[in-house]
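J.: Mind looking over this structure? Questions follow.
The values are calculated or read from the model by the stated rules, or taken from the named source; none is laboratory data. Since this is a predicted model, take the numbers as computed values, not measurements. When we count neighbours, we look across all protein chains shown, and the Cβ atoms used for this are built from the backbone with ideal geometry, even at glycine.
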Amino acid sequence: MTLPTEPIGSIPRPAYLLDGLGAFDAGRIDGAALAELESRALADTLSRFEETGSPILSDGEQGKPSFATYPLAGLSALAPDGAVIPFADGHTRQLPRLTAGPFRYATHADSYLTRAKALTDRPVKQAVIAASALSLIYPAGGIDGYPREQFLADLVDGAEADIRRSLDAGADSVQIDFTEGRLSLKLDPSGGLLRQFVDLNNAVLDRFTAEDRAKIGVHTCPGGDQDSVHSADVDYADLLPALFELTAGKFFVQLASEPEPERVLRIIAAHLKADQRVFVGVIDPIDPRVETPEEVRDRVLTAAKHLPADRLGTCDDCGYSPFADDTSTSRDLAFAKIAARVEGTRLAADQL
C-alpha cells in the first residue's frame, strides 16, 4: 500500500530573500526587484522539494509576509495595534487592527499557487489562512458604520473566494491553517470562542460541494515560531472533538512533539468521521535534530494501531518558518527533515 504524505507550508527563506525584504521595507529596492528574489527562492524551494521525493509540493510560502497576514498585504485601513499572540518563550506576534470597512482580501493565495505551478509539473498544495484567524483583526470596540455582523459576512465571502480560486487554479488540495483553534482555548477555557471559530469556518466550508471538501484540509498545531509555541499547554482533549466537527475532508494534526501521542491518537479515533482522513505529524520542526526514517516509520506504525491505514497520512507538525523573519531553522535542516518524513512514510507503508 501507499500512504499519502504532505508538507504543511512554510520553508525558511534564503538569506538573499530576507535581505531583499529588509531592503524593500527600507525603500532601497522596488517591488519588481523583490519579486525577482521571491521567484529565485521559489524555484529553489520547488527543486529541493522534488529532491526529497515528496509526492506533493508546496511553494514554501516564500512570497508571503506570514502565513496569517498575506490577505492584508496592500490594505490601507489597518492600524498596527491589533491582537497580541504571546509565545511560551516570552516573544509575541501582533496582528493589525481593521479601522474601516468594507473588508476585502487584498491578496489571494492563488497568486502564489500560479507562480509555483509554472515551475513544476508535480502536484502543488496551497495553504490559506482560516477565516477565524482573520476575524481577530476586527476591534472589540467595533467600527462606526461597519458592524461586526457585516464584517463577518464579508470575511466569509473572502475566505470562500480564497479557497475556490486556489481549487480553480489547479491546487492538488487546499490547507486551511487553524493554529488559533488551540489558542482559543487558552484565551477562553469555556470553549465559547472555539465554538465561534468552528461555526465561522463551517460557514465557509459549507459553501463547497462534498467533492470540493474532500480536497480541503484543516491544519492544527500549538503554534511554531522562533522555536517556541503559544498553546502546547492546552489539552488536545479539549480541542479535537470540536476540530472534527469542521466539514473538511482532511485534517493535519501536530503529533510528533506531543508528550502522549497514543492518548491523542485514541481521541482522534473516537472523533474522526467516516469521510475524513487524518495526517499525523511525524516530524517536529522545532527539534534541531533530524529524525531518522526509522523513527518516522515507528510513529506511523503507532498511529496505524489506532487509525485505519486507508484513512491515514503523514505530515510535519507545523511549517518551518510561518513568519518571514523567523530564522530559527535553516533551509538545509527543513529539507533534511522532509526527506526523512518521505522515506519513513514509505518504510511504514511497506510494512503495513
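J.: List the helices (runs of 4 or more DSSP H) inside region 99-169, counting only whole elements, that have at least 2 residues being closer than 24 Å to Glu180 by Cα and at pLDDT below 95.
T.: none
J.: Now for a different question. Could you go through region 153-162 and let me know if any residue there is touching a residue at least 12 places away in the same chain (Cβ under 8 Å), closer than 23 Å to Gly249 by Cα and within 16 Å of the chain's Cα centre (by Cα).
T.: Yes, region 153-162 contains a residue that is touching a residue at least 12 places away in the same chain (Cβ under 8 Å), closer than 23 Å to Gly249 by Cα and within 16 Å of the chain's Cα centre (by Cα).
J.: If I filter region 163-188 down to residues being in contact (Cβ under 8 Å) with a residue 40 or more places away in the chain and more than 18 Å from the chain's Cα centre (by Cα), which single residue comes out as surrounded by the most Cβ atoms within 10 Å (Cβ to Cβ)?
T.: The extreme case among them is Leu185.
J.: Of the residues Pro139, Pro147, which is in contact with a strand residue (DSSP E or B) (Cβ under 6 Å, 6 or more places away or on another chain) and more than 22 Å from Ala88 (Cα to Cα)?
T.: Pro139
J.: Out of everything in region 50-74 that is modelled with pLDDT of 95 or more and over 17 Å from the mean Cα position of the chain (by Cα), what residue ends up being surrounded by the fewest Cβ atoms within 10 Å (Cβ to Cβ)?
T.: Glu51
J.: Mind checking which residues of region 290-316 are outside any helix (DSSP H, G or I) and out of contact with any Phe, Trp or Tyr (no Cβ under 9 Å at 6 or more places or on another chain)?
T.: Scanning region 290-316 gives Val290, Glu291, Thr292, Lys305, His306, Leu307, Pro308.
J.: Look through region 290-315, keep the residues that are in contact (Cβ under 8 Å) with a residue 60 or more places away in the chain and closer than 28 Å to Asp332 by Cα, and return whichever of them is surrounded by the most Cβ atoms within 10 Å (Cβ to Cβ).
T.: Cys315
J.: Can you tell me which residue among Asp332, Asp287 is in a loop (DSSP other than H, G, I, E, B), within 23 Å of the chain's Cα centre (by Cα) and surrounded by fewer than 24 Cβ atoms within 10 Å (Cβ to Cβ)?
T.: Only one candidate qualifies: Asp287.
J.: Then there is this: Here is a check on your reading of the model: is Glu262 at pLDDT 95 or above and not in a helix (DSSP H, G or I)?
T.: The answer is no for Glu262.
J.: Considering (1) at pLDDT 95 or above; (2) touching a helix residue (DSSP H, G or I) at 6+ places or on another chain (Cβ under 7 Å); (3) exposed (fewer than 14 other Cβ atoms within 10 Å of the Cβ); (4) assigned to a loop (DSSP other than H, G, I, E, B), say which one Arg28 fails and leave the rest.
T.: Failing condition for Arg28: (2).
J.: Search region 219-243 for residues being under 20 Å from Asp325 (Cβ atoms) and among the hydrophobic types (A, V, I, L, M, F, W, C), and hand back the single one that is modelled with the lowest pLDDT.
T.: Taking the candidates together, the pick is Val229.
J.: Identify the single condition in (1) touching a Pro at 6+ places or on another chain (Cβ under 8 Å); (2) acidic (Asp, Glu); (3) farther than 23 Å from Pro123 by Cβ that Asp162 does not satisfy, given that it satisfies every other one.
T.: Among (1) touching a Pro at 6+ places or on another chain (Cβ under 8 Å); (2) acidic (Asp, Glu); (3) farther than 23 Å from Pro123 by Cβ, Asp162 violates only (3).
J.: While we're here: Take the conditions part of a helix (DSSP H, G or I), of a type in the set (A, V, I, L, M, F, W, C), modelled with pLDDT of 95 or more and buried (at least 22 other Cβ atoms within 10 Å of the Cβ) and apply them to Leu246. Does it pass?
T.: When the stated conditions are applied, Leu246 does not pass them.
J.: Across region 76-89, which residue is nearest to the chain's Cα centre (by Cα) among those that are part of a loop (DSSP other than H, G, I, E, B) and touching a residue at least 12 places away in the same chain (Cβ under 8 Å)?
T.: Restricting to residues being part of a loop (DSSP other than H, G, I, E, B) and touching a residue at least 12 places away in the same chain (Cβ under 8 Å), the top hit is Phe87.
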